[in-house]
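Here is the structure we will look at, set down as structure tokens.
Nothing in this text is a laboratory measurement; each read-out follows from the coordinates by a stated rule. From a predicted model like this one, the values you see are computed outputs, not experimental measurements. Glycine gets a Cβ as well: all are built from the backbone with ideal geometry, and neighbour counts include every protein chain shown.
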Amino acid sequence: MALRTPSLRRIDRWVPAVCVTLAVLVLAGCAPEGYPQTTLAPKSDFAELLDQVFRRSFQLATIVFFLVEGVLVWALFRFRGKPGDAEPAQTHGNAMLEVVWTVIPAVILVFIAIPTIQVIFKTAAVPTDNPLVIEVTGHQWWWEFRYPEYNLVTAGDMHVPLGRTVDLRMTTADVVHSFWTPQLAGKRDVFPKRDNRLWFRTETPGVYPGQCAEFCGTQHTRMAFQVVAQDSASFVTWREGLAAVSAPAPGPVDSAAPPPNPLAAQGQQLFTAKGCVGCHAVTAVGAPTMTGPNLAGVGDRTHVAGGWLPNTDENLARWLHNPQAVKVGVLMPNLGLTDVEITALVAYLRSLRAVPAPPAVALTAAGN
Amino acid sequence: MAHDTAHAMHPPTATGLDTRKLAIWTFIGSECLFFATLISNYLVYKGKSLVGPLPHETSQCLLHGQMTTCEPIFEIPLVTFGTAVLLFSSFFVVLALNGAQRGNRKQLIGWLSATVVCGLFFIGMQVYEFRHFYHKGLGYTTNLFGSSFYTLTGFHGTHVTIGVIWLATVLVLAIRGKIPAEKSLNLEIAALYWHFVDVVWIVIFPVVYLMR
Amino acid sequence: MATIAMGHAGAEAAYAEKKGLWSWITTVDHKRIGILYGVSAFLFFLIGGLEALLLRWQLGAPEKTFLSPELYNQLFTMHGTTMIFLGVMPLSAMFFNYFIPLQIGARDVAFPRLNAYSYWVFLFGGLILNASFLFNAAPDMGWFAYANLTSKQYSPGLNVDFWIIGLQILGIASLAAAVNFFVTILNLRAPGMKMMRMPMFVWMSLITQVLLLLAFPIITVALVLLMLDRNFGTHFFVPSGGGDPVLWQHLFWLFGHPEVYILILPAFGVVSEVLPVFSRKPLFGYAAMVFSGCFIAFLGFGVWSHHMFSTGMGPMADTVFSLGTMLIAIPTGVKIFNWIGTVWGGSIQFKTPMYFALGFVAMFIIGGLSGVMHASPPADLQQTDSYFIVAHFHYVLFGGSIFGLTAGAYYWFPKMTGRMLSEALGKVHFWLMFIGFNLTFAPMHILGLNGMPRRVYTYSADMGFGFWNAIETVGSLILGLAFLVFIINILKSLRSGAVAPADPWHGATLEWSIPSPPQEWNFAVEPTVDSRDALWELRRTKGVLPEPARVSGRGIHLPSPSYWPIVTAFGTALTLVGFLMHVTLWVILAGVAITMFGIFSWAFEPADH
């Protein structure tokens, strides 16, 4: 057996000290600022309830952690063996201790169980305060949002009004996904041919990021969405603007509102000619679910390509140039578009805004 | 059948039970979970089929390329008879084992043969039943009832088949005089497996065939 | 009469008759089978570790393109599947094989050829599962393969099929071994070794076998149903035919939750051996440890849906499973406190096995606490499917199982090989592993709580996840280094390590009463036992024990080697492979024929030949 050399003895002393320091730093790094998708800064009633239960269990867990690890580490120092030690007392156990350390954890658990059960039932209750129903459908790899109250459908950005409960009825068009926007709600999985429900109400305006949280195939990573929480006036502006975006399909001439500039007009023609209409609707009103996301309002969405690619002209162009290169595995094929065609299409898509706004302002996913 | 080490057979065991007997009971315990899962699967999907044929009700089903009204598909009298045959076979193997333990070769061979014949009859009944169902429009993939029914009873039938092969092997050994009284455990272990297969059917029969 | 030097030469002589590849292929000796499991499992574990390093390299900074999405998904799936089924489980099997017979005073397991069969089936299963990489069709849908992503429609390639077949083969190996060890522990104990005198490792192993026996049939059925859906057109999990994907989750987790106890209990057992020996006092609360182990296993079958809190089961179901899960924390806590009670008041010997055993306790406390946090559905709705969960299960599986099994490796290496591992390298290994492990997995708690979902191949730069991911990647490299040190320690010690006496640690259990490594028959004379910690008791009554002699072994009857186990194993694997490639009937029939031929030949093989 190798002897313990002096250098090793030093390792045994300073490594534990370093570890403890690191642990403290790690705990300090828990601060939620800088994390747009954090669960630690709830902004809705639902998320607030979840957070309360979490904090209770986290506090108790932290106390138990320091107590138990502390006793362990203390024991290692106090009872470290020295050469020539006599055989220690051969204790076999202690019945009273067994009882104590069975009962105390049980009591601690009660302090977690009670708020747990309360919140489970509270969050399961169906909202009765005239909620806004939004039908959410997961697709590989984008999120669809349908507003029955307004007969509107959109994708990627889910606009919600402040101060009104939002009642989500959720399903999927293909495989199991999970809807997760941490600052507003816990997760809810979505299943085919089934409705799962989730509700929340927020009073804080902002753009809250969310992501799919159930592995759903190649591009599960790129299946995101944003919840845009706006005051009532802005929300009305948005939905009325969305309803006004209309289709490029040929119909009675006066019902098709021409896009504002000739490049966009060219793009509008290409949209039909290149077959985009086959998968994407450009009217939000009463539109059916299609293979691809509804593009009414895409001009001023925060992101495209499944809610993750920032909605800039450059990104749109990249996407149209070759979707497979940007997000391999998506259903959208490479249409072999020329750069000229792409420029026109981008202009057209940019024109499909729900809210006419100064061009310099772009919505970002700031979180707060 | 010559088995493993002397260790398994001769020295006293810590529980007092023969090691091979303990092993077959352990295996049977595990297999109970296997069939419990298959039966649960059947029950979960009971009444959830989108089309017929159905076990106890008339339904709309696809027959010869056309949607028609289909009768309930189970033939209870036939299966009841098959169940009885299987139950009797367990009784017969007990008699065979009794013969083996008492060194009565004639009793052993006679009743063991009867057991094997019963097992074969049961398998034949199932094959007939499956073919009959298939002709009445219940394919393997037709509906959830068909899928879960054929999977459950198919696996049971496979276990019966393995049991028949096992018992037949012991029968051949018995005919060759290789199952004297000291080696009756060889039959006992096969018989335990056979009883298990029977017990599983005793659960399947009411749950699948009789329950509505 | 036998000195250490003589013992070493004797070790060579004892195995002289059984050298060469054929002797390993036909071995039915539990010790050799244990070594086969150990070497194979360690190699698979290294593959799983390499997969992890690749994942961590990809995640080290935002928007990296080191791995394509498809490859990433294959690697994370295979990492999980490999570590669980080809890493932790067979590493535990190495110790079951080698030490259960020794600790109960037996010459071998109840069914030595069945034991060999289990190993070969495991090896074939592991090879087939990894062969999927050669077809660029490694499983890529996550190690729990949720329906209906796994349906033919959404996973048209062979990836899912490889996973199904691989796991099915491995399941057969586990079931066969479980029957074997269950019967061995119950029936082959030495005279006087009542159940409540068994070493704690044997107890935990016994409970593990029960879990295996009851849980694996469930996954067997689930895999069959999935395979039928994919290859035979059924709709068990396919919604268009009325099937319900949630059923898959129920079936999987009915298996999956007991499975995690299968993964941790052997490590519990190892640590319960090491802590007393290196504290020089008995395990505190033996009976409480036995009963808590049984209680955990029993309850473990009732909490499966705590993996499904986000599926919307309804408040009643959520409540029931939440309470059940919290309940399991109680016996788990009892164990932790009893381990602390074991070292308390002792004379702690800081040798490498003890380092890892203590590391186990410290890390498992953390993993257990995060587990309690998930037990509450409201909290779990934020935590599930995030890196907080990834942190939890790595703390219990790596900080728990791997640290525990590594303690076992250092503890039992001298017995298995007749050599001591280097204490110096062992300490370096420990600290590298401890630091690397915590650096890799502690920040995952932070990332999860701050919104990083799991199973993502990258993340945007503006999410804030970059810093801790970079730290974790550095940590993973340190872990890689730790294992390199371990391998160097093993290779160096095998070649030139100090010769190990029979009992280098002053152990309490029977394996330390025979030479290192043991002779083929284990005990020259069958031991009799009249208390727990049999060897300590023996020393108390008889004083210092002499170094056990190596004897000739004449007159000791041992099971003969046989090639029927590997033949039958091959038939079994072939049968299942037939279901892999578009269900090729002739392959299946050939496999069945070989299996039946193997079984019959095995059954009629004379006991001595």
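Per-structure values
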quantity	calculated
Helix-only mean residue ellipticity at 222 nm for chain B, each DSSP H run of n ≥ 4 adding -39500 (n - 2.57), per residue, nearest 500	-23000 deg cm²/dmol
Top of B:167, B:120, B:97 by mean-square fluctuation, Gaussian network on chain B, Cα under 10 Å	B:120
Free-standing Cys residues across chain B, given no other cysteine C-beta under 4.7 angstrom	B:32, B:118
Euclidean distance between Cα centres, segment C:159-194 to segment A:266-339, Å	54
Least to most buried among C:298, C:284 (fewest other Cβ within 10 Å first)	C:298, C:284
Ellipsoid semi-axes in whole angstrom, largest first, where each is sqrt(5λ) of the Cα gyration tensor of the protein assembly as shown	55, 41, 26
Per-residue Cβ neighbour rank within 10 angstrom, fewest leading, C:257, A:177, A:220	C:257, A:220, A:177
Per-residue [θ]222 nm for chain C (sum of -39500 (n - 2.57) over DSSP H runs n ≥ 4, rounded to 500)	-22000 deg cm²/dmol
Cα-based helix-to-principal-axis angle, B:105-135 vs chain B, degrees rounded to 10	20
Per-residue Cβ neighbour rank within 10 angstrom, fewest leading, A:300, C:108	A:300, C:108
Lysines with Cα under 22 Å of residue A:274, excluding same-chain neighbours fewer than 8 positions away	A:327
C-alpha long axis of helix C:423-449 to longest principal axis of chain C, angle in °	20
Segment residue B:78-residue B:134, extension gain: residue separation times 0.36 nm, minus the distance between their alpha carbons	18.5 nm
Ordering of B:135-145, A:33-43 by packing [mean C-beta count within 10 Å, highest first]	A:33-43, B:135-145
Charge-dipole axis of the protein assembly as shown as Lys and Arg at +1 and Asp and Glu at -1 on Cβ define it, positive-most pick from C:501, C:139, C:309	C:501
Relative contact order (%) - segment C:560-609, alpha-carbon pairs under 8 angstrom, separation at least six	45
Compactness of segment C:36-543 - radius of gyration and Dmax, Cα, Å	22.5, 75
Separation of the residue B:203 and residue C:63 label points, Cα + 7 Å toward Cβ, nm	5.7
Extension gain (nm, one decimal) between residue A:150 and residue A:95, 0.36 nm per residue minus Cα-Cα	13.1 nm
Cross-link pairs beyond the 21 Å C-alpha cut-off, checked among C:335/C:542; C:19/C:415; B:46/B:136; A:82/C:281	C:335/C:542
³J(HN,Hα), Karplus 6.51/-1.76/1.60, whole Hz, each residue of segment A:82-91, x for Gly, Pro	10, x, x, 4, 6, 5, x, 4, 8, 5
Table column - 3J(HN,Hα) (Hz), segment A:203-215, Karplus curve with 6.51, -1.76, 1.60, x for Gly and Pro	10, 10, x, x, 10, 9, x, x, 9, 5, 10, 9, 3
Segment A:291-359, relative contact order in percent, only Cα pairs under 8 angstrom and at least six apart counted	41
Calculated from backbone phi, Karplus (6.51, -1.76, 1.60) coupling profile of segment C:101-113 in Hz, x at Gly/Pro	x, 5, 6, 9, x, 9, 7, 6, 7, 5, 10, x, 6
C-alpha center-to-center spacing [segment A:40-86, segment C:532-577] in angstrom	43
Inter-centroid distance (Cα atoms) of segment C:337-360 relative to segment B:108-184, Å	56
Length-normalised contact order of chain C in % [C-alpha pairs under 8 Å, at least 6 apart]	19
